[in-house]
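A short write-up of the structure that comes next.
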Amino acid sequence: MFDKVLIANRGEIAVRINRACHELGIKTVAVHSTIDSEAMHARLADESVCIGPAPARDSYLNIPAIIAAAEITNADAIHPGYGFLSENERFASIVEEHGFAFIGPTPEHIAIMGDKIRAKETMRRVGIPVVPGSDGAVESETAAEAVAREIGYPVLLKAVSGGGGRGMKIVREKEQLASAFSTARAEAQAAFGDGSLYVEKLLERPRHIEIQVLADQHGAVVHLGERDCSLQRRHQKVLEEAPSPALNAMEREAIGSRVVRAIRTLGYRGVGTVEFLYEHGAFFFIEMNTRIQVEHPVTEMITGIDLVREQIRVAAGAPLGYEQKDIRFSGHAIECRVNAENPETFQPCPGQVTGYHTPGGLGVRVDSAVYQGYRVPPHYDSMIAKVIVHGQSRNECLMRMRRSLNEFVITGVETTIPLHLRLLANPDFANGEYDVAWLERLLSGGA
Ligand code: ADP
């Protein structure tokens, strides 16, 4: 097992990783920017190193500074968390070239899944159904039009290097295609430094259902069921739950074992999430995330498996030590992402948290790096806490989440708690009847 792990991240996920390390008896090194010197993740770690000024590109994305921090502190592994450098194959290679273990998959697997076209081709090859669309990037609007004619409108133009819900454009009819193509290309070039686009069939009311996998370095692979992340705004997840209210046990088992077979064929190691759109009983692969995800706690709550701990163990070469039949699913779990944002305009609201009191009680978990007096900096993601509840049934979870959010006191900054309370009071949501566009319809008054 590792002796000391450097955590190349900040916020709640850095705190989460620190907890897993300490429970495994591993010492930790935090890295932080100048503005984060008082941050919780830096305080909780055994050592901390300042790696640069506030802007992420100068600190949390500063590869030489992070490697230097690992060298001077004598760490033996680096955990990238999510976001920042977690899906950067160059970072993973550099970490390994410097003699540290990278707590994640191989750089090759990161590279394949980071390229959305290669990812789709690869998954199709190992028996995973993908969304109908172009075979690779489309070079021109004429090529895009040919694909659209074949698969039928509406279609989605997607940036090959897109991510974070950005770089997608809906085209409903042929007449819109030419102008949408040039705007999408220009936007992708500006946002991702790569203007290449591909075409995908637009599914009108799908659910976003993702399968959590876990693989060791000796060929053992298990799935830990699914998460339903259909509650989205601007293609970004707002609330997640497990299991999905839309799947039955047979569908769960069928997609789970198919994904396990595919992951085993690929020789993948570590944790990973295979994301699908689900409509009319069919699954279509959209992408694979090769890291721990924000919403991993809902899976932990229903399986009792500490995913970050497992991720560290398998990176150190330990065998999983259990099989698929040993995984037991128990009850239901829901996670609400609490952002420091105006709940109506979604404008970020950085500033000082003047009062902070977290909810508690049976089945309630809060993953956060906030404390009273903490200043939410304007430089990073606005998510400041995750409230996760576990219950015997979905209904129990809904009740428990409502009372937990009502207990949660955060003053000084605005938060999205009122939005979550509104969702939890909605009868369609209570019945589990929602799709990826449902929240947008609700917010625009159309649901
Ligand atoms: P990103 O990498 O930017 O997160 P994804 O491909 O994972 O992009 O898609 C994010 C979300 O965008 C999905 O959860 C879904 O809501 C929507 N989406 C993506 N592809 C399609 C599609 N073909 N049809 C309908 N919605 C889609």
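The values are calculated or read from the model by the stated rules, or taken from the named source; none is laboratory data. Keep in mind the model is a prediction, meaning the values are calculated, not measured. Neighbour counts are summed over all protein chains in view; Cβ atoms, including those assigned to glycine, are modelled from backbone coordinates with ideal geometry. What goes into the accessible areas is simple: the full protein's heavy atoms, side chains included, and nothing from ligands, DNA or RNA. Shrake-Rupley method; radii C 1.70, N 1.55, O 1.52, S 1.80 Å.
Beta-bridge orientation, the chain: approximately 80 percent antiparallel, per DSSP, counting only bridges with both partners inside. Averaged over its residues, the range 235-363 has an accessible area of 39 Å² per residue, based on protein heavy atoms and a 1.4 Å probe. Per-residue Karplus couplings for the range 402-419, computed as 6.51 cos²θ - 1.76 cosθ + 1.60 with θ equal to phi - 60°, are listed in order as 4, 5, 5, 5, 5, 7, 6, 10, 9, 10, x, 10, 7, 9, 8, 4, x, 5 Hz, Gly and Pro entered as x.
Each residue of the range 304-313 is assigned a 3J(HN,Hα), and the resulting list reads x, 9, 7, 5, 6, 4, 5, 4, 5, 4 Hz, derived from the Karplus form 6.51 cos²θ - 1.76 cosθ + 1.60 (θ = phi - 60°), x at Gly and Pro.
Amide H contacts under 5 Å for GLY351: VAL376, restricted to partners 5 or more places along the chain or on a different chain, H placed in the peptide plane at 1.01 Å from N. Dipole magnitude for the range 132-201: computed about the Cα centre from +1 point charges on Lys and Arg Cβ and -1 point charges on Asp and Glu Cβ, it is near 220 debye. For the range 119-127, the Karplus equation 6.51 cos²θ - 1.76 cosθ + 1.60, evaluated at θ = phi - 60°, returns couplings of 4, 5, 4, 5, 5, 4, 4, 9, x Hz by residue, with Gly and Pro reported as x. Taking only pairs that are 8 or more places apart or on different chains, how many Lys pairs in the chain have Cα atoms under 17 angstrom apart? Here the count comes out as 12.
Helix content alone sets the calculated 222 nm mean residue ellipticity of the chain: runs of n ≥ 4 DSSP H residues at -39500 (n - 2.57) each, divided across all residues, give -10000 deg cm²/dmol. Under the criterion of Cα pairs below 8 Å and six or more residues apart, the relative contact order for the range 207-443 equals 22 percent. Structural descriptor for the chain: relative contact order 14 percent, calculated from alpha carbon pairs under 8 angstrom and at least 6 residues apart.
Is the C-alpha gyration tensor of the range 211-252 telling us rounded, prolate or oblate? Criteria: a/c under 1.5 is rounded; beyond that, a/b larger than b/c is prolate, otherwise oblate. Cα axes put the range 211-252 in the oblate bin.
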